[in-house]
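Visitor: One structure, pasted below without further comment.
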Amino acid sequence: MKKLFKNLRLIDADGEFLGDMLVEAGKIEKIGKNIDIDEECERIDLKNKTALTGFIDMHSHFRDPGFTYKEDIITGSKAALKGGYTTVCAMANTKPVTDSKDVLEYAVNKAKNADLINYIPISAIGKNLEDKELVDIKENLKYTRLFSNDGKTVLSDEFMEKALIKSREMNFLLLTHCDPEEEIIERDLKLLEKVGGNLHICHISTKKSLILIKKAKEKGLNVTCEITPHHTYSYNLDYKVAPKIGTKEDNEYLIEGIKNKDIDIHATDHAPHSKEDKEKGAPGIDNIEVAFAMLNYIYDKNDIPIQRLLDMMSKRPAEILRLKKGLFKEGYDADFVIADLDYRGIIDKDKFISKSNNTPYDKKEIKGNILQTYVGGERKW
């Protein structure tokens with residue numbers, strides 16, 4: 001049955017529109033003023049509430065299989081929905097590593113049966129996350145076009161070069177974890193210039209990193225990059241994450257990079273841990289439920305329009321992933337959230353629905369609140 005959403009303030013990366021949205025079979029069929037149809041449909045009056053395009057996270061850790069005491073596909077998906085995320089790409093540092101048909105199939109089927117979010121697995125690029133042997137790329141491409149050893153750095157120049165060549169030849173995206181950050185980014189960009197490929201640099205945190213990436217883009221190299229909520233929200237913070245949170249100078253330069261569209265997307269790097277693992281030194285922040293509110297707070301503070309935030313959280317990641325999502329546009333997927341943009345409050349980690357709540361931001365200020373989340377026109381949260 002068709003669904004007619006009435007009286008919406010629709011905001012996406014391209015603008016704002018007051019009106020109605022007709023959805024059929026998970027797709028936006030029509031957007032307009034005072035839409036009415038003769039045939040039977042479900043009518044939902046949202047009474048001038050604000051609708052934003054559903055958020056897309058290209059970098060998250062759902063810990064499934066193998067570390068499900070920290071998170072699993074179902075709890076991670078529910079936490080994502082609470083945060084307004086309708087599509088999530090999950091990294092391969094699981095146990096067993098997501099590097100084969102069997103593990104990819106397990107994850108895809110579990111997510112499909114849960115029927116919560118659009119779940120995209122990321123395959124490792126090296127078997128067992130090592131710089132020795134490439135995974136069966138041809139087989140794994142049946143499940144994903146994203147490959148990464150994230151959690152680990154590809155330290156072998158030869159292996160990285162081989163992976164970039166394959167990304168060019170087989171048309172997949174290679175996502176890289178860089179530690180030491182600036183040194184590895186510089187190496188990867190030199191290799192990209194030498195052999196070509198499709199490179200996405202994860203979680204940049206320093207001024208120099210962005211300068212290197214800007215120069216590479218000016219040369220016409222095929223590279224994109226991301227910044228996390230925590231590297232946007234704070235600086236000089238002594239909390240164990242990889243890469244570490246930068247200086248005030250880094251933070252200010254990165255925020256300018258957001259304004260100038262030098263940084264492509266926001267990705268959460270949602271990294272849930274048990275209290276015991278965190279105390280033992282495990283790096284990472286549990287943040288997918290509050291990512292939007294953290295970022296919206298910083299955007300408001302720096303007079304950056306909501307359209308730019310939606311460009312980085314919805315439109316641009318959809319473009320990189322080649323999905324018909326991220327805009328309120330006829331023919332696009334009806335993935336969206338209802339949000340209170342004026343809400344002001346604080347983070348309360350005790351209210352997280354994730355299995356974990358490792359964060360240094362408890363009781364810190366936020367702006368905006370997700371009220372409802374729809375995937376394919378179906379309310380999931």
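Each value in this text was obtained by applying a stated rule to the coordinates, not by laboratory testing. As the structure is a prediction and not an experimental result, all values here were calculated from the model. Don't worry about glycine lacking a Cβ; one is built from the backbone with ideal geometry, like all the others, and counts go over all protein chains shown.
Visitor: Using Cα-Cα distances under 8 Å and only pairs 6 or more residues apart, what relative contact order does the range 43-102 have, in percent?
Guide: 41
Visitor: Then there is this: How large is the charge dipole for the chain, taken about the Cα centre, if only the Cβ atoms of Lys, Arg (+1) and Asp, Glu (-1) carry charge, to the nearest 20 debye?
Guide: In debye, rounded to 20, the chain gives about 160.
Visitor: Once every Cα of the range 53-321 carries one equal point scatterer and solvent is ignored, give the base-10 log of I(q)/I(0) from the Debye formula at q = 0.08, 0.09, 0.10, 0.11 Å⁻¹, two decimals.
Guide: For the requested q values the scattering log ratios are -0.28, -0.36, -0.45, -0.56.
Visitor: Excluding GLU319 itself, what net charge comes from residues whose Cβ is under 11 Å from its Cβ, given Lys and Arg +1 and Asp and Glu -1?
Guide: Summing Lys and Arg as +1 and Asp and Glu as -1 gives +3.
Visitor: Using only DSSP helix segments of four residues or longer, with each worth -39500 (n - 2.57), what per-residue ellipticity at 222 nm results for the chain after dividing by its residue count and rounding to 500?
Guide: Rounded to the nearest 500, it is -8500 deg cm²/dmol.
Visitor: Say R0 is 22 Å: what FRET efficiency, to the nearest 0.05, do GLU279 and LYS244 get from their beta-carbon distance?
Guide: That pair, GLU279 with LYS244, gives E of 0.75.
Visitor: Calculate how many DSSP beta bridges within the range 1-134 are antiparallel, expressed in % of all such bridges and rounded to the nearest 5.
Guide: Percentage antiparallel, nearest 5: 45.
Visitor: Once label points are set 7 Å from the Cα along Cα→Cβ at both ARG308 and GLU378, what is their separation, rounded to one decimal in nm?
Guide: 3.7
Visitor: Also: Quick check on my link table: of LYS2/LYS380; LYS2/LYS261; LYS101/LYS166; LYS152/LYS190, which ones sit more than 28 Å apart, alpha carbon to alpha carbon?
Guide: Distance filter (> 28 Å) returns LYS2/LYS261.
Visitor: To continue, here is another question. Please give the contour-minus-distance gain from ASP362 to ASP36: 0.36 nm per residue of separation, less the Cα-Cα distance, rounded to one decimal in nm.
Guide: Using 0.36 nm per residue and subtracting the Cα-Cα distance, I get 112.8 nm.
Visitor: Related question: How would you rank CYS202, CYS41, CYS225, going from fewest to most other Cβ atoms within 10 Å of each one's own Cβ?
Guide: CYS41, CYS202, CYS225
Visitor: Taking GluC sites (Glu not before Pro) as exposed when DSSP calls them loop (any state but H, G, I, E, B) and at most 13 other Cβ atoms lie within 10 Å, what is the longest stretch of the chain free of them, the sites themselves excluded?
Guide: That gives 134-329 as the longest site-free run.
Visitor: Kirkwood hydrodynamic radius, computed over distinct alpha-carbon pairs, for the range 12-90: how many Å, to one decimal?
Guide: When all Cα pairs of the range 12-90 are included, the Kirkwood radius is 15.4 Å.
Visitor: With r as the distance between the Cβ atoms of ARG322 and ILE346 and R0 = 45 Å, compute the FRET efficiency 1/(1 + (r/R0)^6) and round to 0.05.
Guide: Given R0 = 45 Å and the Cβ-Cβ separation, E is 0.75.
Visitor: Using the Cα atoms of the range 108-267, I'd like the radius of gyration and the largest Cα-Cα distance, Dmax, both in angstrom.
Guide: 16.1, 46
Visitor: A further question follows. Got the relative contact order for the chain handy, in percent, Cα pairs under 8 Å and 6 or more residues apart?
Guide: 21
Visitor: Rounded to the nearest Å, what's the spacing between the alpha carbon centres of the range 64-124 and the range 218-264? Just the number, please.
Guide: 26
Visitor: Also: Along the charge dipole of the chain, pointing to its positive end and built from +1/-1 on Cβ of Lys, Arg, Asp and Glu, which listed residue (GLY331, HIS203, ALA90) has its Cα farthest out?
Guide: The residue sitting farthest along the positive end of the dipole is GLY331.
Visitor: Please find the FRET efficiency linking ASN128 to GLU252, where r is the Cβ-Cβ separation and R0 is fixed at 56 Å, and quote it to the nearest 0.05.
Guide: After rounding to 0.05, the efficiency reads 0.90.
Visitor: Could you please rank ILE165, ILE31, ILE201, placing first whichever residue has the fewest other Cβ atoms within 10 Å of its Cβ?
Guide: Fewest to most other Cβ atoms nearby, the residues stand as ILE165, ILE31, ILE201.
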